[in-house]
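Please read the structure below before turning to the comments.
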Amino acid sequence: MSAEAARERDAWIVAQLVLALQEVRPLLADREAPWNWIAGIHVLDRMEQSMTRGEDATARAIAAMPPRWDPAQRALAATWRTMSVLRRLGVDAATTRAASHASLAMACAGLGQGPGLAASDAAAPALTRMIARRQGESDDFPRHRVRVCAILHALARAQSDQERAVGVRPLFALVQEMERWRQPAGMDGQRSETELLQWTLAQASPRFDAKWVRAVVAGPA
Amino acid sequence: MTERNRSQDKEFQHNALALLTNFDALVRAMAADVPDTAALAAQVAQNWRALADRTLQLEPAGVLANGQLLLAAKPECGSWVPDAFAAGLRGLTALRDVQPQDMTALAHELAILTPTPHGTDRLHTWLWTDSLGGFRVELAPLAPTDAEQRALQDALLAPPLPPREPPPIALSAEESAPLAATCNDPVFWLAEELSLVLTHAEMQPDMPAHDLARRLRHAAAAAFDRRLLAMLGALAQGKNDYARFARAAFEDEPIGEAIGSRAPLDPAGLQQIGQIIEGLSPHIGGGVLRGLLARATEHGEVLDAPIVALATTLGVERFVGLVELAILAPISRSAFGRVIARLTGGAEWLAEMLPQVTPSEAIGIIHGLPVNLLLRLTKPIHQVLLRAQPRERSQVAQLLLGSGNLGCLAALAAVLRETEAKGWELRTIRAIYQTLLLNNVEPEPLLKLMQSSRVAVEARLVMLDEIARSHIAQEGLRWRMAELLDPPAIQERLAQLRKHGVQP
C-alpha cells in the first residue's frame, strides 16, 4: 500500500472513530434513559468498518485518542478491545457484534469519572437500560437484542467466581476492568495503552482467566 | 465446456431463474399486502435449497447467479434491487436448511424498503444485526454521508497516526482455538438466551418459541450435550406461558428423535430424558423413545439396559403406546421387541400385540427375542405365519429354525401342515424338512404331508427329496396303492429315487 493510500485509510478510520465517539457521548449523558440501540449499532458498525479497513490502524487510532480518556473514550476503547479480540479469534460476526454491544453498554453504565463499576455491578443497570424500549424504537433486530441482553443478564446474575468464568464471560469482566485501571482512584492522569497492557499482563492473571488475559494483551499483530 | 457441463449450466440457470421469478413475486405480493403468501414462500425456499450454488449477487442493475444477470431491475419487477444495493446488500447465500419463514422475513424487508437514507439505513441495520435467519449475507458499508465526508476532510488535515508498539505477547493457534470454540458454541448461547427470556418475560417476543424450538433441534442434531437436556427439562416442567408455547412449538420439530439418538444415557441423563418424556407431548416422548431404539439397533444389546430402565419407569403399556409401532422404523423393531421382552409383563404384551400388527412388523419384533420367549409366543407367531406372505414366512421360518428349539420347530411344522404348504417358498419348505427330519421332529406328519394330494406338486417334490435323504427314506419311498393316483411327476420322481437313490 502506498504511503498516500495508507494516510487516506488512517484518516478514514480516524473519521469513523471521531463520529463513533460523538455517538457514544449521548449514551453516557443520561444513564437512566432507555438504551438507544440504533446509536449503539452505529458505533459498532463504524468500529467494525474501521477494523476491516485496518486492524493495526484502528488500534493506533484508539491509542492516539487525546489523552483525556474521558468516559466516552474509555467506553469506545472497551468496545474496540472486545471486538478486536473476538475478530482475531475468528468468532462469528453476529456474536462479535453482540458481545461488543454488550461491552459498550456496560462501559456506558459503569465508567464515569474515576474508576467506575466492575462488570458484575455495571451489567444489571446496563441490562435495565437495554430492556427498556425507547419510544418509537423499531423492533427489527430481535436476535441481536436477545444476545446482547443475554450477555448482560448472565454477568449480572453470576454469583460465584465459577459462574463468572463460564464461556466468554471473563472477557467482558477483563475489558471493563482494564478501562477502570486506566484511571484508578487517586491517580492523576491515565495509563497509556502500553502501560495498560503491561499492567494487565502482570496484575490481571490472578483474578482473571489467564487464557483471556493473554488473548486480550496479544492485540492485533 | 463439455456437453455435460453445458447441460448442468443450463439447468442451473433455469433453476435460478425460477427462484428469482418466484422470489420477486413474493416481494411484490408482500408489498401489495396479499393475504396468504405461505405457499409462495415455501416454493421460494424449495427453489433456493435446490440450487447447486445457493449464492446470488446483487448489482444496481439486477441480481446475478453464477455471474449471469438473471433478474434485471425494472419498475415492473426487481424494483427493490437498486435500493437493496444502496443498503449495502451485495450477496445472499441460502443455508441448507433455509425455511419459508426466512424467505417471508427477507421479502418483507425488501417490500417495505424505501429509496431514502432512512429506508436503506434500516435495511442495513436489519441485515447487520443478523436478523435474517437461514442466510449468509454479504454486506458492504453504506455510502458516506455528508458528516462522514466532513470528518474525513478534518482527519486528513490532522497529523498522521503515530506507530504502535508491538503487542508484548503473541497468541498461538493452540491458545486461541479453544477460546474461539467457546465463543462460537451454539449451545452456550442458547442456554444464555433461554435463561434471559425465562427470567425477563419482556424479552420473550424477541425470541419466539418456534425460533427457540428450531435452534434447539439444530443444536441437538449437531452435537448433543447435557446442557440441552437441562434446557429441555426446564421447558418440559415450566409452568409459564413461554414454556407452554415452546412445548407447542416442539410439535413441529423432530426434536424427540434428536434427543433419543444422541442424549447421554447415564443415570443423570436418563432422569432428564424421563422428565422430558413426562413433560412434553406423547408425540415428542415417542420420538425420544424411537430415537433411543434406533440407537440400540445401531449399537446392539449394550444399550438395552438403559432403555429398559427408562421403559420400566414408564410401564410397558405407556412405553408401547408412545413408541407407536406403526411409525417405528422397521430396523428398530427388533430392539423394541428385546426391550419389551425384558419388562415386567412384557411377554403377555407381546402375545397380545403380535396378532394385531402386520406380519412385517411382527417379524421385526420377534427377530430380537430370546428362544425361551419365542417358545412362549408360539401361538401368536402361528397366527402371524398364517397371515404372512411367502417371503415373510421364510423370514419367520429362518428365525424359528435358527433357534434350534424343538418346540419352535414343532410350531413351524404345525403351520406348514395347516396351510398344506401353500404360500411357502420352496427353499423354505426344503429348509424346514431338512431341519425337522434331522431333529426327528414329527416325521410322521411330515411324511403324510408329502403324500397329500392337496399339496402342490412342486412342494411335494421338494419334500420327497428331503425325505429320501433322511432317516425315514425307506418309509417314504415304500410303494403305496395311493401313488397310482399321484401326478406323473411324483410317480416319476419316486421311481427314479427307488432306482438310483438321491442324486447329490
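Values quoted throughout were computed directly from the atomic coordinates according to the rules given, and no laboratory measurement underlies them. All of these numbers come straight from a predicted model, not from anything done at the bench. Here the Cβ is made from the backbone with ideal geometry for all residues, glycine too, and neighbour counts use every protein chain on show.
Return the tail of the calculated pair distribution for region B:1-148, meaning the percent of Cα-Cα pairs more than 21 Å apart. Could the numbers behind the result be given before it?
On the way: 4524 of 10878 pairs.
Value for region B:1-148 (Cα pairs over 21 Å): 42 percent.
Specify which residue in the list B:N439, B:S470, B:G501 is farthest towards the positive end of the charge dipole of region B:437-504, using unit charges on the beta carbon of Lys, Arg (+1) and Asp, Glu (-1), about the Cα centre.
Of B:N439, B:S470, B:G501, it is B:G501.
In whole Hz and in residue order, list the ³J(HN,Hα) couplings for region B:80-93 that follow from phi through the Karplus curve 6.51 cos²θ - 1.76 cosθ + 1.60, θ = phi - 60°; x for Gly and Pro.
Karplus-based 3J(HN,Hα) across region B:80-93 equals 7, 4, x, 6, 5, 5, 5, 7, x, 6, 10, x, 9, 10 Hz.
Picking from B:I381, B:L95, B:S332, whose Cα lies most toward the positive end of the charge dipole for chain B (charges on Cβ: Lys, Arg +1; Asp, Glu -1)?
The residue sitting most towards the positive pole is B:I381.
Determine, for each peptide in A:97-104, B:246-253, the mean count of other beta carbons within 10 angstrom over its residues, then list the peptides with the highest first. Present the calculation step by step, with values, prior to reporting the outcome.
Values: A:97-104: 27.1, B:246-253: 19.1.
Packing order, densest peptide first, comes out as A:97-104, B:246-253.
Go through B:V396, B:I365, B:G346 and say which Cα lies farthest out towards the positive end of the charge dipole of region B:294-401; charges sit on Cβ, +1 for Lys and Arg, -1 for Asp and Glu.
The Cα lying farthest towards the positive end belongs to B:V396.
Mind checking the mean number of beta-carbon atoms from other chains within 10 Å of the Cβ atoms in A:7-19?
Values: counts 4, 3, 1, 5, 10, 6, 3, 8, 12, 6, 2, 7, 6.
Average per residue, whole number: 6.
Could you order peptides B:30-36, A:23-29 by the average number of other Cβ atoms within 10 Å of their residues, highest first? All intermediate terms of the calculation are to be shown ahead of the outcome.
Details: B:30-36: 11.3, A:23-29: 17.6.
Result, highest mean first: A:23-29, B:30-36.
Please give the average number of partner chain Cβ atoms lying within 10 Å of the Cβ of each residue in A:93-104, rounded to a whole number.
The shielding value for this peptide is 2.
Subtracting the Cα-Cα distance from 0.36 nm times the residue separation, let me have the gained length for B:Q496 to B:L406 in nm, one decimal.
Length difference between fully extended and current span is 29.1 nm.
Rg(Cα) of chain B divided by 2.2 N^0.38 Å? Please report the intermediate quantities before stating the final value.
Details: Rg = 35.0 Å, N = 504, 2.2 N^0.38 = 23.4 Å.
My calculation over the Cα atoms of chain B gives 1.49.
Dividing the Cα convex hull volume of region B:328-464 by residue count, how many Å³ per residue is that? Don't jump to the answer; show the numbers that get you there.
Working: hull volume 12.2 nm³, N = 137.
For region B:328-464, the hull spanned by Cα atoms encloses 89 Å³ per residue.
Only helical DSSP H runs with n ≥ 4 go in: add -39500 (n - 2.57) per run for chain B, normalise by residue count and round the 222 nm mean residue ellipticity to 500 deg cm²/dmol.
-20000 deg cm²/dmol
Per-residue HN-Hα couplings for region B:384-398, Karplus 6.51 cos²θ - 1.76 cosθ + 1.60 at θ = phi - 60°, whole Hz, x for Gly and Pro?
4, 4, 4, 8, 7, 7, x, 5, 5, 4, 4, 5, 5, 4, 4
If you wrap a convex hull around the alpha carbons of chain A, what volume per residue comes out, as a whole number of Å³? Write down the numbers at each step before the final one.
Values: hull volume 27.0 nm³, N = 221.
Looking at chain A, the number lands at 122 Å³ per residue.
In peptide A:51-60, what is the residue-averaged number of other protein chain Cβ atoms found within 10 Å of each Cβ?
Working: counts 0, 1, 1, 1, 0, 4, 2, 1, 3, 5.
That works out to 2 on average.
Once amide H atoms are built 1.01 Å from N in the peptide plane, which residues 5 or more positions from B:G62, or in another chain, come under 5 Å H to H?
B:A73
In whole Hz, what ³J(HN,Hα) sequence does region B:316-323 give by Karplus (6.51, -1.76, 1.60; θ = phi - 60°), x for Gly and Pro?
Coupling constants for region B:316-323: 4, 5, 5, 4, 5, x, 5, 5 Hz.
Evaluate the Debye formula for the protein assembly as shown with equal point scatterers sitting on the alpha carbons, no solvent, and hand back log10 of I(q)/I(0) at q = 0.10 Å⁻¹, in q order, two decimals.
Listed by q, the Debye log ratios stand at -1.03.
How do A:172-178, B:225-231 rank on mean C-beta neighbours within 10 Å, highest first? Numbers along the way, then the final one.
Details: A:172-178: 24.7, B:225-231: 17.9.
Packing proxy ranking, top to bottom: A:172-178, B:225-231.
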